[in-house]
Amino acid sequence: MTEKTTTTPNATTPVTVTAKYVVLDIEGTTSAAGFILGDLYDYARPRLAGWLDEHAGDPAIAEARTQVIQDARLAPDASTAEIVAVMHNWMANDVKATPLKTVQGQIWADGFARDEISSDFFDDVIPKLEAWHAAGVGLAVFSSGSVASQVPWFRHSPGGDLTPLITDFFDTVSAGPKKVASSYDTIAASLGATPAELVFFTDNPGEVTAALEAGWAVVAFSREGEPFFGADFGAAPVVSSFDEVEVLPA
């Protein structure tokens with residue numbers, strides 16, 4: 001259940017939510033999109049070809065190669081260079097392609113393990129996650145980035161290892177596309193919760209629509225400088241910071 005007082009649609013006002021679980025988007029919601037599209041993409045981009053070749057025997061990488069070939073309609077025997085060219089194009093256009101996310105996720109996980117990269121969170125996020133978890137609110141993550149990248153992202157946060165706070169992680173492979181209502185049904189079933197017990201935090205209007213269609217509560221984030229700042233989020237309450245949200249355990 002979401003309570004708010006506002007006189008204009010999409011006004012940024014304090015919001016109180018009662019939920020069994022808060023499910024978190026990452027890019028633009030907990031963390032700056034520019035960091036992911038900049039620092040992390042820059043780290044992965046020159047490593048794609050080597051990773052594909054060196055891990056060709058990994059079933060996940062083999063499946064990613066096949067998906068790129070199918071999605072881009074390449075020849076079945078397309079070279080690594082041709083596959084990487086498609087991936088670079090997707091990265092340039094911020095296409096949320098599952099095979100790209102799979103490969104990026106493995107590269108980033110390796111980079112985190114080597115301490116060559118670290119994650120980034122808005123200053124208002126971590127204290128609230130810790131407080132809500134301590135109060136008995138469950139936390140989960142649903143991102144277009146692969147689970148392989150989500151886990152080290154939370155493990156290597158500026159506030160230390162946050163993974164003990166997170167019950168489960170979901171991506172477009174385990175749950176489905178983020179702009180499709182059935183994906184939220186899948187997450188609800190996995191968490192053992194009803195839609196009424198769940199709230200999704202996201203900055204993406206299409207994801208707002210899908211989660212609302214699935215019967216979830218939604219809090220939309222409109223952060224200045226982020227891609228969807230000032231967007232139309234329909235009937236969803238809109239905030240600019242986690243400090244403007246209070247979550248009570250269901």
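The values are calculated or read from the model by the stated rules, or taken from the named source; none is laboratory data. Just so it is clear, the model here is predicted, and its values are computed rather than measured. Cβ atoms come from the backbone with ideal geometry, glycine included; neighbour counts cover every protein chain shown. When the accessible area is computed, the model is the full protein with side chains, heavy atoms only, and any ligands, DNA or RNA have been set aside. Shrake-Rupley method; radii C 1.70, N 1.55, O 1.52, S 1.80 Å.
Data table
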item	result
Helix axis angle, 80-92 relative to the chain longest principal axis, alpha carbon, degrees	30
Cut-off of 10 Å, at most 13 other beta carbons, DSSP loop: longest stretch of the chain lacking such trypsin sites (Lys or Arg not before Pro)	115-250
Alpha carbon centroid spacing (whole Å) that separates region 49-95 from region 109-169	28
Residue among TYR41, TYR21, TYR184 with the largest mean-square fluctuation in a Gaussian network model of the chain, springs linking Cα atoms under 10 Å	TYR41
Accessible area per residue, Å², the chain with all protein chains present, probe 1.4 Å	42
Estimated dipole of region 121-201 in Debye, rounded to 20 [Cβ of Lys and Arg +1, of Asp and Glu -1, Cα centre]	160
Debye, to nearest 20: dipole size of the chain, +1 on Lys, Arg Cβ, -1 on Asp, Glu Cβ	380
Pair ASP42, SER241: separation of 7 Å Cα→Cβ label points (nm)	2.8
Straight-distance crosslink candidates among lysines, where the alpha carbon sits under 27 Å from LYS128 and sequence neighbours closer than 8 are dropped	LYS4, LYS20, LYS178, LYS179
Mean ellipticity per residue at 222 nm, deg cm²/dmol - from DSSP H runs of n ≥ 4 across the chain, formula -39500 (n - 2.57)	-11000 deg cm²/dmol
Sequence of PHE122, PHE228 when ordered by accessible area, the most exposed leading, probe 1.4 angstrom	PHE228, PHE122
Accessible-area order (highest first, 1.4 angstrom probe) of the listed residues ASP123, ASP94	ASP123, ASP94
Extension gain (nm, one decimal) between GLU116 and ALA56, 0.36 nm per residue minus Cα-Cα	19.3 nm
Within the chain, longest stretch clear of exposed GluC sites (Glu not before Pro) (DSSP loop, no more than 16 other Cβ within 10 Å)	1-115
Surface share of carbon and sulfur [accessible, 1.4 angstrom probe, percent] for region 101-185	51
Accessible surface of ASP161 - all protein chains present, 1.4 Å probe, nearest 10 Å²	80
Solvent-accessible surface (1.4 angstrom probe) belonging to ILE26, in square angstrom, nearest 10	10
For Cα Rg over 2.2 N^0.38 Å, calculated from these coordinates, the label among [x] 1.02; [y] 0.96; [z] 1.09	[x]
Two-site FRET efficiency, VAL95 against ALA131, from Cβ-Cβ distance with R₀ of 30 Å, rounded to 0.05	0.25
Among VAL103, PHE122, SER157 - extreme Cα towards positive end, dipole of region 93-167, charges at beta-carbon	VAL103
Area accessible to solvent at THR18, 1.4 Å probe radius, in Å²	40
